[in-house]
Structures are given as structure tokens and as C-alpha cells.
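Accompanying notes for the structure given below.
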Amino acid sequence: TGLADTTAAPSDQHRFAVLACAAGSTVERHYYANVDHAGTTTASQPDSIPFARKVLAGQPVASNCDSLVPPK
């Protein structure tokens, strides 16, 4: 989530992640300071590329549901 996102409010994205966790989904969530909605594509690459590689290889993905905090 880009913390400067005005397309999808970071607080709404947080609520969605919390609901996904409550439903039993594996969620790996990250915040990117001073990044808007479109900017997360580039800013998230250090996290999203390894994540996609794990999923495509059938490797487990660690959930961070237990440490979700609302955006500031």
C-alpha cells in the first residue's frame, strides 16, 4: 500500500487486509511511504518479485496477519 494513495485509501486497504486475514487468507502486506497508487508498482518490486517467485515455485508464503497495523 502506498501511503500517499488517493485512489484506494490506505485505511480501506488495511481493512480489506484485516478481513482477508480473518477469512483465513495468507496475507503479506507492506506499506510504502510517500508513494501513490501507481507508484507502488515500482516501489514494491523488492517485495513483490520474490513473493511472485515463491508463489510460482509452489513455495510457502509467510503471512504477516499477526503484525498488521493501521497505516499512519
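Could you please report the charge total around His37, scoring K, R as +1 and D, E as -1 over all other residues with beta-carbon less than 15 angstrom from its beta-carbon? With Lys, Arg at +1 and Asp, Glu at -1, the neighbours total -3.
Toward the positive end of the charge dipole of the chain, with +1 on the Cβ of Lys and Arg and -1 on the Cβ of Asp and Glu, the farthest Cα among Ser48, Gly58, Ala4 is that of Gly58. Charges were assigned to the Cβ only: +1 to each Lys and Arg, -1 to each Asp and Glu. The resulting dipole of the chain about its Cα centre is roughly 140 debye. Element breakdown for the chain at a 1.4 angstrom probe: carbon and sulfur atoms account for 58% of the accessible area.
With the simple spin-label model, which puts each label point 7 Å out from Cα in the Cβ direction, the Ala9 to His30 separation comes to 2.6 nm. Each peptide in 17-25, 54-62 was scored by the mean count of other Cβ atoms within 10 Å over its residues; highest first, the order is 17-25, 54-62. Summed over the residues of the chain and divided among them, the accessible surface reaches 68 Å² per residue at a probe radius of 1.4 Å.
Scattering from the chain was approximated by placing one identical point on each alpha carbon and applying the Debye formula without solvent; log10 I(q)/I(0) at 0.23, 0.24, 0.25, 0.28 1/Å stands at -1.11, -1.16, -1.20, -1.28. Electrostatic tally near Leu19: other residues with Cβ closer than 13 Å to its Cβ, Lys and Arg +1, Asp and Glu -1, net +1. Taken over the C-alpha atoms, the stretch 33-72 has Rg and Dmax values of 12.4, 34 angstrom.
The values are calculated or read from the model by the stated rules, or taken from the named source; none is laboratory data. Please read all numbers here as calculations on a predicted model, not as lab measurements. When we count neighbours, we look across all protein chains shown, and the Cβ atoms used for this are built from the backbone with ideal geometry, even at glycine. Side chains are part of the model used for accessible areas, which takes the heavy atoms of the whole protein and leaves out ligands, DNA and RNA. Shrake-Rupley method; radii C 1.70, N 1.55, O 1.52, S 1.80 Å.
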